Amino acid sequence: MSATRWMAALLGTVILGIGIAACGSGNGTGEEVVSTPGVEVSAVNKELGLGKPSPKLCEGKQYKIGVDYFSTTEPFAQEWLKGIEEAAEKTGCVEITAISDDLDPAKAVANAQTFVQQHMDAVLLLQVIASAQPGVMRILNEAHIPAVASAIPAPGATFLSVPDYESGFGGGEFLGKAAAKKWPGKKPYLIMGGFPDGGTVEVDRINGVIEGVEKAIPGIPANHVFLIDTKAEPSVAHARALEAVSKVPAGEPILVSAINDITAYSEFQAVRQAGRANDALALGVGAVYPAGVNYVCDTPQYVGAITQKPETWGGYLIPSALGLLNGKQVPPSVNVPWEILTRENAKEIYPQASC
């Protein structure tokens, strides 16, 4: 998958807040940042210890690892960083230096320069502006510092993430089946919140959701699909969803999803504000505990959420970085596990859930 649907939308599908410049998968530097099919963790974790950080991965050495993450307040980023810190502690040989880039491409590049100046052995990236990744990687490559990227691929770095299109498609099909059962024969309207500045994987994720819905409910008209650019900001997602729902005829079913829990919930809140909650079903993306799980548990219109479990990613990222530093074969792309969280299985996934 690529940004094709976003381009096609300019010709037929309704778009709110998106311009042509935001639709491509390039990054403005002449370099193409693309995601490649990843191997499953289960295929490589025995040799690399993915998911099982421990002192035996250290090989008798100490390491300094820099971490760039996109927010000091966003739940996914916070859980991701916590998982990194916990995994580093389990090895007993990794010292973490974490700096937020605050969704600022220039700051992401400056952070990379800081990691070079501080002589980091490796860098982990949760930097989600695709256009910044080539500049970040040029700095790290020139300093011969290996990197592992997550969420957004970076040229030449190992990439570790949930398979975005596959998980989006699975979630979308689940949402579509629920809609088909609730409103037999109806062609629902879709309010789908994307983030094209995040590059191909962010586009793939929401494309997957849309195409999963369309598999479950064939023949949804193009003008029933509202692709909105959330800018990864809840307030923007809410405002643009409110505009979209105003264009949906009274009584018609509405399906809501987005790139992450917060933007999806902000869109649903807009639907609720418009008095259309009873016409809606929603799919979360991330299921980050507690907020993302609570959206599912506490909101009857939520059919579920795609789990990403960012708190577990450190257990894959730290071993990947140590593998690179110790000359092991680390795949260019690794898929971490995902599933659909619902009110019925939430306690199996998060025993502390309120469901």
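Assuming R0 = 22 Å, what is the FRET efficiency of LYS61 and ALA110, from their Cβ-Cβ distance, to the nearest 0.05?
Using R0 = 22 Å, I get an efficiency of 0.20.
Is the chain rounded, prolate or oblate when judged by the Cα gyration tensor, a ≥ b ≥ c being the square roots of its eigenvalues, rounded requiring a/c under 1.5 and prolate requiring a/b larger than b/c?
prolate
In deg cm²/dmol and to the nearest 500, what is the mean residue ellipticity at 222 nm of the chain if only DSSP H runs of at least 4 residues count, each as -39500 (n - 2.57), divided by the residue total?
Mean residue ellipticity, 222 nm, calculated: -12000 deg cm²/dmol.
Which ordering of SER246, SER333, SER100 is given by a fewest-first count of other beta-carbon atoms within 10 Å?
SER246, SER333, SER100
If we count trypsin sites (Lys or Arg not before Pro) as exposed when they sit in a DSSP loop and have at most 16 other beta carbons within 10 Å, what is the longest stretch of the chain that avoids them all?
By the stated rule (loop sites, at most 16 other Cβ atoms within 10 Å), 62-185.
Where both partners of a DSSP beta bridge lie in the chain, what percent of those bridges are antiparallel, to the nearest 5?
Taking every DSSP beta bridge with both residues in the chain, the antiparallel ones total about 5 percent.
For the residues HIS224, HIS119, what sequence is obtained by ranking on other C-beta atoms within 10 Å, fewest first?
Ordered from fewest to most neighbouring Cβ atoms within 10 Å, HIS224, HIS119 come out as HIS119, HIS224.
How high is the relative contact order of the stretch 180-301, given as a whole-number percent (alpha carbon pairs under 8 Å, six or more residues apart)?
So the answer I get is 27 percent.
Anything over 27 Å Cα to Cα? Flag those among LYS247/LYS347; LYS177/LYS309; LYS182/LYS215; LYS231/LYS328; LYS181/LYS247; LYS181/LYS309, in the order listed.
From LYS247/LYS347; LYS177/LYS309; LYS182/LYS215; LYS231/LYS328; LYS181/LYS247; LYS181/LYS309, over 27 Å: LYS247/LYS347; LYS231/LYS328; LYS181/LYS309.
What are the semi-axes of the equivalent ellipsoid for the stretch 255-326, taken as the square roots of 5 times the Cα gyration tensor eigenvalues, largest first, in whole Å?
Its equivalent ellipsoid spans semi-axes of 33, 10, 8 Å.
Relative contact order for the chain using alpha-carbon pairs under 8 Å, separation at least 6, rounded to a whole percent?
RCO, the chain: 22 percent.
HIS119 to LYS328: FRET efficiency via 1/(1 + (r/R0)^6), r the Cβ-Cβ distance, R0 22 Å, to the nearest 0.05?
0.50
First measure r as the distance between the Cβ atoms of ALA143 and GLN273, then evaluate 1/(1 + (r/R0)^6) with R0 = 51 Å and state the FRET efficiency to the nearest 0.05.
0.55
We did not get these values from a lab; they are worked out from the coordinates using the rules stated. Because the structure is predicted, anything quoted here is derived from the model rather than measured. For neighbour counting, all protein chains shown are included, and Cβ atoms are generated from backbone atoms with ideal geometry for every residue, glycine included.
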